[in-house]
Amino acid sequence: MAKGKEHTPWVTVERGIRKYEHLTRKHGLKPDVYYALRYRVEGKRYEEGLGWASQGWTLERARLTLAELMVAKKTGSGEVTLRERRVKAQEERAEAKRQQEACRRLAVTLSEYWHNNYFPDCRQSKAPETWRKEESNFRTWLAPALGDVPLREISKADLDAIKSKMASAGLAKRTTQLVFATMRAVWNHARGNKLVEGDCPTQEIKLGKISNARNRALSSNEAQDLLEEIQRLDEKAWAFTLACLHTGGRLSEVARLTWGQVNLRERHLTLVHTKTGKPRAVPMTETLVSVLRSMPHGQAQDIVFTNAQGKQWTSMPANFRKAVANLKLNEGRTDRRELLVFHSLRHSAASMLLDAGENVRTIQELFGWSTLAMLQRYTHPTDEKKQRAMGRLDSKLKQQPANVHDFSEAQKKGSA
């Protein structure tokens, strides 16, 4: 409300209605007029401004507003002061905005949620190789089929259509499983943000039994030949590959190793960025210590193993693939589970430790597995140790009498 000499003194127009005129501002040909109400409610006097004539206020409108307040006061229904009216109007606007936002959220499509919510978080919280695979799954399969569908309206039928399309394309069930895993991750993220309820429709899809565990492992001779070939092609790729083989670490774990996490004097390193999120200390082999000592050392925060561009490795070195091809290590193999890939280095390290008779619990701790189940893929019916064991069984079965052993004690010794 204007103060001082900007307006004329207050004038009572009629009971309950007052006004003053602006000294300089005009509304049309006349001075701009400000209207206000004066009334009592339950013995308390209220003086509340209405507004200027230039804002649409007239004497008739002021009379109508005052009459409405008096009726509400008399009947006990509705707002009896302008302040109550304004508060209610504000609450109604807020509620309308909430409802509008709720409707908007209900209509959010899979593509909108992916680009605006899920994928930005995914890139921040997941390893590069993980979010790149998810992005490929989304771009190749989910976006074309479901990108424009509201997230909460995606159904089992929609996902069945994707499953059928992938099967027609000759893709393995494991590939479909990974695409559905991406869909489930997006759904769970949205559920955390209260955009959807319940389980993802992928839970209703049956893919059947999937056997996708890679069981290819290098022999010691193959490993040596492979390292020599990679060294011939690319020294930096060789050092990185050797470190992965000599630690049994995952690509992402070794790729993010910094000099501050390497202790050459104590001959161990610490893999901090692990799949389980738990840092893992790994003793170093003589060979790895020698390689690291020969390398230029950086600052504590500097990456140890970099590519030819001085950047962190984010995927399998191209010269690893080239060396495998040069040595024909995958020649004649059609089952993808039998193909030699970079992760086979980890398999190879575990297999070599088992063949050397190392305690399975020790291997479990070195490789960061939460259970022993992962070790099962490194033993096969054709292993020489199994054949020797069955030979001993055959010999014992031909002897009399049989001895009874306490296997609980044997298990305790084996896990010690």
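The values are calculated or read from the model by the stated rules, or taken from the named source; none is laboratory data. Computed from a predicted structure; not experimentally measured. We place every Cβ from the backbone using ideal geometry, glycine too, and count neighbours over all the protein chains shown.
Only one of (1) loosely packed, with under 13 Cβ neighbours inside 10 Å; (2) over 30 Å from Val254 (Cβ atoms) is not met by Thr109, so which one is it?
(1)
Of all residues being of a type in the set (S, T, N, Q) and in contact with a Leu (Cβ under 8 Å, 6 or more places away or on another chain) in the range 215-252, which is surrounded by the fewest Cβ atoms within 10 Å (Cβ to Cβ)? Just the residue, please.
Only one residue fits best here, namely Thr247.
Which condition number does Lys163 fail, the rest of (1) among the basic types (Lys, Arg); (2) in contact with a Ser or Thr (Cβ under 6 Å, 6 or more places away or on another chain); (3) within 30 Å of Leu288 (Cα to Cα) being met?
Looking at each condition in turn, Lys163 falls short on (3).
Among the residues of the range 303-322, what is the count of those that are within 26 Å of the chain's Cα centre (by Cα) and without any contact (Cβ under 8 Å) to a residue 60 or more places away in the chain?
Adding up the residues that qualify gives 3.
Tally up the residues in the range 75-85 that are under 17 Å from Arg38 (Cβ atoms) and either assigned to a helix (DSSP H, G or I) or not assigned by TED's automatic domain parsing to the domain that holds Lys44 (or both), please.
4
Of the numbered conditions (1) surrounded by fewer than 14 Cβ atoms within 10 Å (Cβ to Cβ); (2) closer than 18 Å to Leu345 by Cβ; (3) in contact with a Phe, Trp or Tyr (Cβ under 8 Å, 6 or more places away or on another chain), Ala255 fails exactly one; give the number of that condition.
Answer for Ala255: the failing condition is (1).
May I ask you to verify whether Gly51 is more than 54 Å from the chain's Cα centre (by Cα) and on the phi > 0 side of the Ramachandran plot? Write out each step before concluding.
Details: more than 54 Å from the chain's Cα centre (by Cα): no; on the phi > 0 side of the Ramachandran plot: yes.
It is false that Gly51 is more than 54 Å from the chain's Cα centre (by Cα) and on the phi > 0 side of the Ramachandran plot.
Just to check your reading of the model, which residue among Glu129, Glu135 is at pLDDT 95 or above and either touching a Pro at 6+ places or on another chain (Cβ under 9 Å) or not assigned by TED's automatic domain parsing to the domain that holds Arg336 (or both)?
Values: Glu129 fails: at pLDDT 95 or above.
The match here is Glu135.
Rundown of residues vs (1) out of contact with any Phe, Trp or Tyr (no Cβ under 6 Å at 6 or more places or on another chain); (2) farther than 30 Å from His273 by Cβ; (3) not assigned by TED's automatic domain parsing to the domain that holds Met316, yes/no style:
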site	(1), (2), (3)
Tyr118	yes, no, yes
Pro150	yes, yes, yes
Ser155	yes, yes, yes
Lys163	yes, yes, yes
Val186	no, no, yes
Gly192	yes, no, yes
Gly198	yes, yes, yes
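Which condition number in (1) small (Gly, Ala, Ser); (2) closer than 22 Å to Met316 by Cβ; (3) surrounded by fewer than 21 Cβ atoms within 10 Å (Cβ to Cβ); (4) in contact with a Leu (Cβ under 9 Å, 6 or more places away or on another chain) is the one that Ala281 fails?
The single condition Ala281 does not satisfy is (2).
Given the conditions (1) modelled with pLDDT of 90 or more; (2) part of a loop (DSSP other than H, G, I, E, B); (3) more than 18 Å from Leu257 (Cα to Cα), and given that Trp369 satisfies all but one, which numbered condition is not satisfied?
Of everything listed in (1) modelled with pLDDT of 90 or more; (2) part of a loop (DSSP other than H, G, I, E, B); (3) more than 18 Å from Leu257 (Cα to Cα), Trp369 misses just condition (1).
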